[in-house]
Amino acid sequence: MAKNIQSLERAAAMLRLLAGGERRLGLSDIASALGLAKGTAHGILRTLQHEGFVEQDPTSGRYQLGAELLRLGNSYLDVHELRARALVWTDDLARSSGESVHLGVLHQHGVLIVHHVFRPDDSRQVLEVGAMHPLHSTALGKVLCAYDPVAHSEVTEGERQPFTPRTVTGEQEFETLLDTVRARGWAADAEETWEGVAAVAAPVHDRRRMPVGAVAVTGAVERVRPGGELRPELITAVRDCARAVSRDLGANRF
């Protein structure tokens, strides 16, 4: 029988240690708890930090789990399951709103559209399943950036391209925008990506209360924002849809 790799066993033990008990642990605490020399523990922590599995607080120097683990954890949720859970609710949302509905997830520095319900009229429409939307300028993307630390890191470290004169690109302005999204529980896009198009979106969470996607109503700006203001019933409907999908995924508090 092949032997286990000791360094991997120690790294796994370190991650389990950080996952329980205190939110942050110092190097001495970690080394003592695992029976390791400080130099050995520090080398493992440095590697885990480089890979994004561990983060170090710059003020205290203590360690905590990193955002990359969230990405790996979310991979357990099959996108097909998310889509299956959302089918009925997104169909209802399209009917009640009279607009297109998109379900998106974080993928390769953008928002991957995994489900698209057409606007319930006879107009010609193009299926957007598989399309990639920007993180920083769409309602879907803003929701993901506000609630998912991986998405937040990607959008703050990357270039925020100005697609229209209304696109928010400044770092401080964008962070303030995300604070507003968190306070409200929803995000909006008013011609920030495509001229004439507006949207409102809300986050979908799983049973661990982790963000796994977002749902949005998208349509012509004059219908979604008549008179320059979002239709309040659209905000309510989108949030209700997102909560319903979250409940079906086991997030009982929604």
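Using packing as a proxy for protection, rank 112-124, 143-155 so that the peptide with the highest average count of other Cβ atoms within 10 Å comes first.
Numbers: 112-124: 14.9, 143-155: 23.3.
In decreasing order of mean packing, 112-124, 143-155 become 143-155, 112-124.
Hey, could you grab the Kirkwood Rh for segment 180-254? Inverse mean 1/r over distinct alpha carbon pairs, Å, one decimal. Display every interim value, and only then the final one.
Numbers: mean 1/r = 0.0785 Å⁻¹.
Kirkwood hydrodynamic radius for segment 180-254: 12.7 Å.
I'd like the projected area of the chain, averaged over all directions, using the convex hull of its alpha carbons. Report it in nm² with one decimal.
Details: hull surface 66.3 nm².
So the mean shadow area of the Cα hull is 16.6 nm².
Could you tell me which residue out of 69, 177, 220 lies farthest along the dipole of the chain toward its positive end? Charges go on the beta carbon: Lys and Arg +1, Asp and Glu -1, centred on the Cα centre.
69
Which loop GluC sites (Glu not before Pro) in segment 177-254, with loop taken from DSSP, have no more than 10 other Cβ atoms within 10 angstrom of their Cβ? Each step should come with its number before you reach the end.
Numbers: sites: 191, 192, 195, 222, 229, 233; in loops: 191, 192, 195, 229.
Here the sparse-neighbourhood loop sites are 229.
Rg/Rh for segment 129-177 to two decimals, with Rh computed the Kirkwood way over all alpha-carbon pairs. Intermediate results must be reported in sequence, preceding the final value.
Values: Rg = 10.4 Å, Rh = 11.0 Å.
Looking at segment 129-177, the ratio lands at 0.94.
Between residue 123 and residue 56, what is the label-to-label distance in nm when each label sits 7 Å out along the Cα-to-Cβ direction?
Each label point lies 7 Å from its Cα, and together they span 5.4 nm.
Along the charge dipole of the chain, which of 158, 187, 242 sits closest to the positive end, that is, farthest toward it, with unit charges on the beta carbon of Lys, Arg, Asp and Glu (+1, +1, -1, -1)?
Value computed over the given set: 242.
For segment 109-233, take N as its residue count and report Rg(C-alpha) divided by 2.2 N^0.38 Å. Please list the in-between numbers first.
Details: Rg = 14.1 Å, N = 125, 2.2 N^0.38 = 13.8 Å.
In units of the 2.2 N^0.38 Å rule of thumb, it is 1.03.
So what J values fall out for segment 143-155 if you push phi through Karplus, 6.51 cos²θ - 1.76 cosθ + 1.60 with θ = phi - 60°, rounded to Hz, Gly and Pro as x?
Using θ = phi - 60°, the values come out as 4, 4, 5, 6, 10, 10, x, 5, 4, 4, 4, 5, 6 Hz.
For a paramagnetic label modelled at 7 Å from the Cα of residue 223 toward its Cβ, which residues of segment 193-214 fall within the zone defined by backbone nitrogen distances under 14 Å?
It comes to 196-200, nothing else.
Given only helices, namely DSSP H runs of n ≥ 4 each adding -39500 (n - 2.57), what is the per-residue ellipticity at 222 nm of the chain, to the nearest 500 deg cm²/dmol? Working shown, then result.
Numbers: 10 runs with 114 residues, N = 254.
Rounded to the nearest 500, it is -13500 deg cm²/dmol.
With every protein chain kept in place and ligands, DNA and RNA left out, what is the accessible area per residue of the chain? Probe 1.4 Å, answer in Å². Walk me through the numbers on the way to the answer.
Values: 13410 Å² over 254 residues.
Averaged over the residues of the chain, the accessible area is 53 Å².
May I ask you to give the percent of accessible area on segment 103-185 that is carbon plus sulfur, with a probe radius of 1.4 Å? Let's see the in-between values first.
Details: 2030 of 4200 Å².
Using a 1.4 Å probe with all protein chains present, segment 103-185 comes out at 48 percent carbon and sulfur.
Once you keep just the Cα pairs under 8 angstrom separated by 6 or more residues, what percentage relative contact order results for the chain? Intermediate results must be reported in sequence, preceding the final value.
On the way: 424 pairs, mean separation 36.9, N = 254.
The normalised contact order for the chain reaches 15 percent.
The values are calculated or read from the model by the stated rules, or taken from the named source; none is laboratory data. Since this is a predicted model, take the numbers as computed values, not measurements. Positions of Cβ are backbone-derived with ideal geometry, glycine not excepted, and every protein chain shown enters the neighbour counts. Surface accessibility is based on the protein's heavy atoms, side chains included, excluding ligands, DNA and RNA. Shrake-Rupley method; radii C 1.70, N 1.55, O 1.52, S 1.80 Å.
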